[in-house]
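All of the numbers you see were taken from the coordinates with simple rules; none came from a lab. All figures in this text were calculated on a predicted structure; none of them were measured in a lab. Every residue, glycine among them, receives a Cβ derived from its backbone with ideal geometry; neighbour counts consider all protein chains shown.
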Amino acid sequence: MRIHKFKQAFTMLELIFVIVILGIVSSVGASLIANVYDSYISQKALHNATTKTDLAVKQIAARLTFRVKQSVIGKKLDGTYLEITQIVPGDQYRILEWIGYDNDSFSAKEGKGWSGFCDIAASTKAKLSSPGSGLGQTKKIIENLGGVITDAVVIFNAEYYSESGTVKRYTPQTMGFDGLAAATTISPVTGLGGTPKTLIKVSDKGAAVEKTLYDQYKLAWSAYAIVPEQQTDDANTAVDESKLFNLKLYYNYQPWKDETYADGNSSMLVEDVNVFKFQGIGNILRFKICVQEKISSSDTVNICKEKAVIR
């Protein structure tokens, strides 16, 4: 009888010991699982924020690579703007805007587009001879992208032009950002000519503007704008930098036709942004984006990327 009771007590002791061990193992296992899960959530948020920021930076840099240098401006929501090189840190210019030249047809692999060269001897101010061009392909590509050839303008590769005998500098105002009346340094395209098409017909604004012809030019048909917008349905709401906002790309509009970015198409670049800054120094344009991603209701991760576009 005593032996039986002793066995029962020993068995009970073993059971208690097993329960204690299992409890310890379960506690350690639960802690490990919780730590792994927390790490996964943090790493996922970090990955998402990094990926979104990288993609946005690459898209913006790719567009800015083909900018017309003298056309880049910083703009306020009320339309006030300055040349990018005139903006200093602390200025409240949040919108980055520029005219982009048509690299799609310039770099076309199947069929050449505009060559970028102007035969000055064979050109007039109303008809530009562009040897080596296949302007029919340029027209086709622009149409495939949603534009028309008469959206386009010719902009010569120069720092200065002549106006009534006075040498003046190319500026965003004279390149279309003050509307058609002030767009004196660009030549709006009215049509094409030649077989094959190597002639660009442009409107000549008359004797009031003496544009000098140069042997190199760029052809552009759209301006672009990177616009921070508050995360509301009202696109005109001023950006509150204490809150997250979205960055949108606007395109397919022509300032030289008295259009603004609101007249163009738009696409979302990146959401949940808390910093978008830019600065221009000479031929270098720098910009910075910071994107925030939630880890939990109270914790977030913040990723910042900065890039310089030299061209």
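Remarks
- Using the Karplus relation 6.51 cos²θ - 1.76 cosθ + 1.60 with θ = phi - 60°, the per-residue 3J(HN,Hα) values for region 218-228 come to 10, 10, 10, 9, 8, 9, 9, 9, 9, 10, x Hz, with x marking Gly and Pro.
- Spin-label pair residue 80-residue 148: with each label point 7 Å from Cα along the Cα-Cβ axis, the two points sit 3.7 nm from one another.
- Shape category assigned to region 46-173 from the gyration tensor of Cα positions, a/c cut at 1.5: oblate
- Ranking of 99, 284 by count of other Cβ atoms within 10 Å, fewest first: 284, 99
- For region 114-121, 3J(HN,Hα) computed residue by residue from phi via the Karplus equation (6.51, -1.76, 1.60; θ = phi - 60°) reads 6, 8, x, 10, 10, 7, 4, 5 Hz, glycine and proline entered as x.
- Cα gyration tensor shape for region 100-221, rounded if a/c is under 1.5, else prolate or oblate: prolate
- Annotation: amide H-H contacts under 5 Å for residue 222 (H modelled 1.01 Å from N, sequence separation of 5 or more, or interchain): 100.
- From phi via Karplus (6.51, -1.76, 1.60), per-residue ³J(HN,Hα) for region 267-273 in Hz, x at Gly/Pro: 8, 6, 8, 7, 9, 6, 8
- Neighbour-count ranking [beta-carbon atoms within 10 angstrom, fewest first] of 256, 114: 256, 114
- Top positive-direction residue, dipole computed over region 100-221 with Cβ charges, set 177, 114, 198: 198
- Neighbours of residue 74 by Cβ distance under 15 Å: Lys/Arg scored +1, Asp/Glu scored -1, total +4.
- Over region 100-221, Cα pairs under 8 Å with separation of 6+ residues give a relative contact order of 34 percent.
- Over all other residues within a Cβ to Cβ distance under 12 Å of residue 89, the charged ones net out to +2, with Lys and Arg as +1 and Asp and Glu as -1.
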